[in-house]
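What follows is a short report on a single structure.
The values are calculated or read from the model by the stated rules, or taken from the named source; none is laboratory data. Remember, predicted model here, so these are calculated numbers, not experimental data. So basically every Cβ, Gly included, is an ideal-geometry build from the backbone, and we count neighbours across all protein chains shown.
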Amino acid sequence: MRLADLSILHVAPPPPGWGGRYWTFVKVTTACGIHGWGECYVSTVGPKAMAAVIEDVFDRHMRGENPENIELMFRRAYSAGFTQRPDPTVIGAFSGLEIACWDILGKARNRPVWALLGGRMNDRIRSYTYLYPGPGEDHGEFWVNPDMNAAAAARAVAQGFTAVKFDPAGPYTIRGGHQPAMSDIARSVAFCRAIREAVGDRADLLFGTHGQFTTAGAIRLGQALEPFAPLWYEEPIPPDMLPEFAAVAASVRVPLATGERLATKAEFGTLLRLGGCKILQPALGRVGGIWEAKKIAAMGEVFNAEMAPHLYAGPVEWAANIHLAASIPNLLIAETIETGGAFHLALIRNAIRWEDGYIIPPEAPGLGIEIDEDLARAHPFTGTGLHLQMQEAPCDYRNGNRFEGGAPAPRA
């Protein structure tokens, strides 16, 4: 087999837009006619520029190569231009292409990807979802209203979820770490209290922050959350501050989680060696792909760390996450968009099954999915924003912070 052709789709999910403003899918085809799907979870540049990067990575490092030679192709991309260090744009491009190679290999061997990764360790995969507003609810109000989130948590638990995530402590700013406003701390405590009262001991609380605090600010907020026993405190400091995770962990009695913005085993290895974080959240469309994530999981075993694959993207990355999760012993939980996401599932013709709080690994060859290309092309991305964006305005200590949480508004 030889990799021969590449096509790229930028797909915009319709309102309410859970999963980001757009998703970048790649379709790679071999000279013998086997195709595979991948997804690039990176948006440091816009879709047009990102497509050019993906094409360059494919042409320079992968075209004409045997899709089995994943390690070789990774080393080419990782070393390109005398780098040999994590580059989220190049590695993000490679990640999607690498996922497509695994899809090809599984189809060529008539086996699911998890079978090529050491076999199925987990027959079902515990899942969690963000709390999202229901039909007809005011989106702007939802992200700052603890009672609305508590009701959403109760609905999720009734569906079968045993963990729910929320992030009331914004805003997400480009300014690096800041101290939380007291109103942010008070709102965060109110969210935890209301949600804990709504779900009792039936579900874990997952507290997200998206890396916006200084070390001291993260400690202040984290200590306020301790009485509610969250399962994790996610990315409390910026992702470029890896040594500071240990300082936060030493002062906060809630497990720290991070990883959605990290690339390659190099960054995760540094995080593990420095200590402080025992829940790893790689996004497979950014971290380097399935094989790189498998290596990270193995490193995590040595440090007694657990894996919780991250998902704020489309259904191809979700499928890749599932195959990784099925194959590893140190799986904690995997993210879903609600019970799979209406548009996500439509794009893959409902090929992945979610059941009573768990994802069931596909048995079909490759990733076990096929993209409905007509549906994908009927939803092109035509906007100018990036997949996710951070605000330029600083934290408002006088008037409080109202911000959009788990997804861009429908108008975006």
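Scanning the range 383-400 for residues that are of a type outside the set (Gly, Ala, Ser) and either closer than 24 Å to GLY106 by Cα or touching a strand residue (DSSP E or B) at 6+ places or on another chain (Cβ under 9 Å) (or both) yields HIS387, MET390, GLN391, GLU392, PRO394, CYS395.
Conditions (1) closer than 23 Å to ILE352 by Cα; (2) free of Cβ contacts under 8 Å to residues at least 12 places away in the same chain; (3) not small (Gly, Ala, Ser), marked per residue:
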residue: ARG124; (1), (2), (3): yes, no, yes
residue: LEU131; (1), (2), (3): yes, no, yes
residue: GLY136; (1), (2), (3): no, yes, no
residue: GLY140; (1), (2), (3): no, no, no
residue: VAL144; (1), (2), (3): no, no, yes
residue: ASP147; (1), (2), (3): no, no, yes
residue: ALA158; (1), (2), (3): yes, yes, no
residue: ALA163; (1), (2), (3): yes, no, no
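Given VAL53, VAL26, which one is at pLDDT 95 or above and within 14 Å of VAL316 (Cα to Cα)? Among VAL53, VAL26, only VAL26 is at pLDDT 95 or above and within 14 Å of VAL316 (Cα to Cα).
Quick check, is ALA154 among the hydrophobic types (A, V, I, L, M, F, W, C) and either in contact with a helix residue (DSSP H, G or I) (Cβ under 7 Å, 6 or more places away or on another chain) or outside any helix (DSSP H, G or I) (or both)? Yes. Just give me the residues in the range 278-296 being touching a strand residue (DSSP E or B) at 6+ places or on another chain (Cβ under 9 Å) and surrounded by fewer than 24 Cβ atoms within 10 Å (Cβ to Cβ), in sequence order. Across the range 278-296, the qualifying residues are LYS278, ILE279.
When the helices (runs of 4 or more DSSP H) confined to the range 1-120 are screened for residues that are within 21 Å of GLU260 (Cβ to Cβ), those reaching at least 2 such residues are found at 47-61, 70-79, 88-109. Within the range 210-265, the set of residues being of a type in the set (Asp, Glu) and either in contact (Cβ under 8 Å) with a residue 60 or more places away in the chain or surrounded by fewer than 22 Cβ atoms within 10 Å (Cβ to Cβ) (or both) comprises GLU226, GLU234, ASP240, GLU244.
The listed residues are ILE322, ILE359, ILE352, and the only one of them that is within 27 Å of ARG109 (Cα to Cα), β-branched (Val, Ile, Thr) and out of contact with any strand residue (DSSP E or B) (no Cβ under 6 Å at 6 or more places or on another chain) turns out to be ILE352.
Among residues of the range 57-69 that are among the small types (Gly, Ala, Ser), those with a beta-carbon under 7 Å from a residue that is modelled with pLDDT of 95 or more and buried (at least 22 other Cβ atoms within 10 Å of the Cβ) at least six positions away or on a different chain give the pairs GLY64/LEU3. All of (1) farther than 20 Å from LEU242 by Cα; (2) more than 23 Å from the chain's Cα centre (by Cα) hold for ASP167 with one exception: (2).
It is to be established whether one or more residues within the range 95-112 are of a type in the set (Asp, Glu) and either modelled with pLDDT under 95 or crowded, with 24+ Cβ neighbours inside 10 Å (or both). Within the range 95-112 (the criterion being of a type in the set (Asp, Glu) and either modelled with pLDDT under 95 or crowded, with 24+ Cβ neighbours inside 10 Å (or both)), the answer is yes, since at least one residue qualifies.
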